[in-house]
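*Asks:* Mind having a look at this structure? Questions to follow.
Values in this text are rule-based calculations from the coordinates and carry no lab data. Only a predicted model underlies this, so the values are computations on that prediction, with no experimental measurement involved. Every residue, glycine among them, receives a Cβ derived from its backbone with ideal geometry; neighbour counts consider all protein chains shown.
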Amino acid sequence: MTENSQRRPLRVLAAMSGGVDSAVAAARAAEAGHDVTGVHLALSANPQSFRTGARGCCTLEDSRDARRAADVIGIPFYVWDLAERFREDVVEDFVAEYEAGRTPNPCLRCNEKIKFAALLDKALALGFDAVCTGHYATVVTREDGARELHRASDPAKDQSYVLGVLDERQLAHAMFPLGDTLTTKDEIRAEAERRGLAVARKPDSHDICFIADGDTQGFLAQRLGRAEGDIVDESGARVGTHDGAYGFTIGQRKGLRIGHPAADGKPRYVLDISPVDNTVTVGPAAALDVTALTAVRPRWCGAAPAGPGTYTAQLRAHGGETPATAELADGTLRVEFPEPVRGVAPGQAIVLYDGTRVVGSATIATTRRRDLAATAG
Amino acid sequence: MAYLDHAATTPMLPEAIEAMTARFGLAGNASSLHAAGRRARRTVEEARESVAAALGARPSEVVFTSGGTEADNLAVKGLYWARRAADPARTRILASPVEHHAVLDTVDWLGEHEGATVEYLPVDRYGRVEPEALREAVEREPGDVALVTVMWANNEIGTLLPVPELAEVARAHGIPLHTDAVQAFGQTELDFGASGCAAMTVSGHKIGGPYGIGALLLGREHAPVPVLHGGGQERQVRSGTLDVPAIASFAVAASLAAERRETFAREIGALRDELVDAVLKAVPDAVLGGDPERRLPANAHFSFPGCEGDSLLLLLDAQGIECSTGSACTAGVAQPSHVVLATGRDADLARGTLRFSLGHTSTREDVAAVARAIGPAVERARGAGLS
């Protein structure tokens, strides 16, 4: 059990997506003696019925799976309609970010604005003490009572990156019963099986939940329309065309449809996306190396650091750790990397760690390349 | 636990359980000619007579169905198809906008797939259809009306509708009127013969009988086109092997519902009045839904301004009080009640509704539990707001 689930019994609202992780998390919270109520968030205004494959978390089938799990655990279950908030705060933001040439992370955004804001606020107003989810992360309560967010015990499953946006108040009401799970996903499934939860064998969801078929490019094309433009190399020479600059991510290699190979015969990557002139710049992998970045909208798990500090940084979900120094100046986080890092996309979050502890996060705005001038995101 | 959701379903009466379980071990298809079949048939026909007697109908007017939804479908679709077949001009359906979804979605389906023109009759702020409104709608073009369907009592807000007067208007033009009397049965007097209705829906599990059984009372001159085709049981109108134990049990519950109706209405009505007073005292700006006088004795319906009905359900459930918002869900998400909207309330009031429905197991303790819990629950739900 996580540290915070051993304390006095709490009134806990368990967010249940219909997947195996959140079902086991709710079951563990109930088993720990908390008074647990399950809630499934209806996030799609037009839920597609009974989609097969169980991707994402917005289908009728997922709602039914969540309800079935709640019934087996023996807890009350409700469906809350947060579709309008989700559309405004997550989906529209996602589209706008891509339109601006950035690469958003909607899961982070959902945690910040929906699960630990809209949902948490409503839960607190209704008398709940905490919101419980199936994320793999650990909450530690210090002796002074303050909460710290740490990586999960199992680094391979750690999801603290997508929770890096939570501030101290949000953390104070968060419960992650899977955080100290030193087991494989198969063992979580086995635990679900042992608990009689029918979702034990349900496939994992990997995709963006509001893009049902997983076709992000198609979704963006539908929302933003086709806008043909040029793909150019670092010298500005036109090497191909695209159907919309928003369809690319910094560091992307596949799907560029560049007719002729580069002079040196090496693969080319997306270096820059410029929505203003609808141009995508490509170049060699080495040109992706980033030595510094600036990031905006910093969020701190606790007090903001007073001066410059040395941290490890994570720059994308499932990404590795890299050493970094960071300093906050005028609300902007300035980060330097002693070792250059690759594939850094404006719009993504940088999460700073002190050991396993999450210090804070911010949204990457600009990057400085090793061998290029700083590029505006 | 305070179970105050009897309009959703009410516990079976011991007598009904006895009648049902006594027949579980007996074989016999009521359509068979041998002794076992004759025994089953005798049980079914006695049950038919009991149900008919309880509702002022003739035995031959009782068509057993799988419940209220099927009876509504059979009446509305079947009568529509039959009337249109006899005269292709008759495609207009007049319905109240406060019908249960079993009727509402059926008429809408006929509109979308079978060329029906669905016209919703105006209702007052209590959800009542006035006979004058029906007369006006019929007389605009009497020859094109296929049928009228108006419920006897509303399941959400409890209002009684003046069905016999409406049926008289329809009959004057030879138009059949169907009424969904699922909620009315056992709470208010139902006399099918005297009502002038062509068809009336009743259900087993709302009166202390079993789930999965109900009946359509159907005037003998009406021959709706079947929804279920097969062995030709039930006047060739509803095929399917008869569920003998459920029918026997339903008949016992129906007889008791009729026999105990006056006592039930008096005693449960007094308890309901206590509940209404307690809620309005605890939450002075709560609005009682439905007609304050002409309503089901077991129904209390409220709108709580500034609250989400779902929040109230959650909070009361945590206190062991089981009730309902009264409205239907779409994909598990509570929708503003179409009934409350039809009575002219705005969408916010339609979202913060609760229906308490009492029944044969209700006690003064149940009412006291609501009286204690409702004030703090509403205050808290208001804090959570309308999401």
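*Asks:* Of the cross-linked pairs A:202/A:266; A:115/A:266; A:113/A:157, which ones have a Cα-Cα span greater than 32 Å in the structure shown?
*Replies:* A:202/A:266; A:115/A:266
*Asks:* Can you compute the equivalent ellipsoid semi-axes for the protein assembly as shown, i.e. the square root of 5 times each eigenvalue of the Cα gyration tensor, sorted largest first and rounded to whole Å?
*Replies:* The answer is 60, 31, 24 Å, longest axis first.
*Asks:* Sticking with this one: Is the C-alpha gyration tensor of region A:289-369 telling us rounded, prolate or oblate? Criteria: a/c under 1.5 is rounded; beyond that, a/b larger than b/c is prolate, otherwise oblate.
*Replies:* Rounded is the answer for region A:289-369, as its axis ratio a/c remains below 1.5.
*Asks:* By what distance, in whole Å, do the Cα atoms of region A:226-286 stretch along each of the three principal axes, largest value first?
*Replies:* Each principal axis gives a Cα extent; for region A:226-286 these are 31, 19, 18 Å.
*Asks:* OK, next. What does the net charge come to around residue B:52 if you take all other residues with beta carbon closer than 15 Å to its beta carbon, with K and R at +1 and D and E at -1?
*Replies:* -3
*Asks:* Below 13 angstrom from the Cβ of residue B:290, what's the summed charge of the other residues (Lys, Arg +1; Asp, Glu -1)?
*Replies:* Once positives and negatives cancel, what remains is +3.
*Asks:* Same structure, new question: Please compute the modelled spin-label separation between residue B:317 and residue B:114, points set 7 Å along Cα→Cβ, answer in nm with one decimal.
*Replies:* Inter-label distance under the simple model: 3.6 nm.
*Asks:* Give a quick list of trypsin sites (Lys or Arg not before Pro) in region B:65-154 that DSSP marks as loop, anything other than H, G, I, E or B, with at most 11 other Cβ atoms within 10 Å.
*Replies:* Those that pass, being in a loop and sparsely packed, are B:140.
*Asks:* Suppose every Lys and Arg Cβ carries +1 and every Asp and Glu Cβ carries -1, with no other charges. What dipole size does region A:128-256 come out with about its Cα centre, to the nearest 20 debye?
*Replies:* The dipole magnitude comes to about 340 debye.
*Asks:* Express the C-alpha Rg of region B:14-259 as a ratio against the empirical globular expectation 2.2 N^0.38 Å, rounded to two decimals. Show your work: numbers first, answer last.
*Replies:* Working: Rg = 17.8 Å, N = 246, 2.2 N^0.38 = 17.8 Å.
Normalised by 2.2 N^0.38 Å, the Cα Rg of region B:14-259 equals 1.00.
*Asks:* Between A:312, A:141, A:273, whose Cα lies farthest towards the positive end of the dipole of chain A when Lys and Arg beta carbons carry +1 and Asp and Glu beta carbons carry -1, centred on the Cα centre?
*Replies:* In chain A, that residue is A:141.
*Asks:* Moving to a separate point now. Is the shape of region A:3-201 rounded, prolate or oblate, going by the alpha carbon gyration tensor and its root eigenvalues a ≥ b ≥ c, with a/c under 1.5 for rounded and a/b larger than b/c for prolate? All intermediate terms of the calculation are to be shown ahead of the outcome.
*Replies:* Working: a/c = 1.40, a/b = 1.11, b/c = 1.26.
Because its axes are fairly even, with a/c under 1.5, region A:3-201 counts as rounded.
*Asks:* Classify region A:80-154 from the C-alpha gyration tensor, please: rounded if a/c falls under 1.5, else prolate or oblate depending on whether a/b exceeds b/c.
*Replies:* Judged from the Cα gyration tensor, region A:80-154 comes out oblate (a/c at least 1.5, b/c at or above a/b).
*Asks:* Could you give the dipole magnitude of the protein assembly as shown about its Cα centre, charging the beta-carbon of Lys and Arg +1 and that of Asp and Glu -1, in debye to the nearest 20?
*Replies:* Dipole about the Cα centre, nearest 20: 1240 debye.
*Asks:* Turning to a different aspect of this structure: Please sort by residue number the GluC sites (Glu not before Pro) in region B:173-250 whose DSSP state is loop and whose Cβ has at most 15 other Cβ atoms within 10 Å. List each step's numbers first, then the result.
*Replies:* Working: sites: B:189, B:221, B:234; in loops: B:189, B:221, B:234.
The qualifying sites are B:189, B:221.
*Asks:* Per-residue ellipticity at 222 nm for the protein assembly as shown, helices alone: DSSP H runs ≥ 4 residues times -39500 (n - 2.57), over residue total, nearest 500 deg cm²/dmol?
*Replies:* On the way: 22 runs with 236 residues, N = 764.
Value at 222 nm, helices only, nearest 500: -9500 deg cm²/dmol.
*Asks:* Can you give me the Cα centroid spacing of region A:162-219 and region B:249-327 in angstrom?
*Replies:* Centre-to-centre (Cα) distance: 41 Å.
*Asks:* Explain nothing, just the number: dipole magnitude of chain B about its Cα centre with +1 on each Lys and Arg Cβ and -1 on each Asp and Glu Cβ, in debye rounded to the nearest 20.
*Replies:* 900
*Asks:* Under a cut-off of 16 Å between alpha-carbon atoms, report the aspartates and glutamates in cross-link reach of residue B:281, not counting same-chain residues fewer than 8 places apart.
*Replies:* By straight Cα distance, residue B:281 reaches B:273, B:379.
*Asks:* Now a separate question. Roughly how crowded by other chains is peptide B:370-383, in terms of the mean Cβ count from those chains within 10 Å of each of its Cβ atoms?
*Replies:* 1
*Asks:* Sort the following peptides by mean Cβ neighbour count (other Cβ atoms within 10 Å, averaged over residues), highest first: A:288-294, A:315-321, A:171-177.
*Replies:* Order by mean packing, descending: A:171-177, A:288-294, A:315-321.
*Asks:* Next question. Starting from region B:159-253, pick out the chymotrypsin sites (Phe, Trp or Tyr not before Pro) whose DSSP state is loop and whose Cβ has at most 15 other Cβ atoms within 10 Å.
*Replies:* The qualifying sites are B:211.
*Asks:* Summing +1 for each Lys or Arg and -1 for each Asp or Glu, what net charge is found among the other residues whose Cβ lies under 9 Å from the Cβ of residue A:123?
*Replies:* Neighbourhood net charge equals 0.
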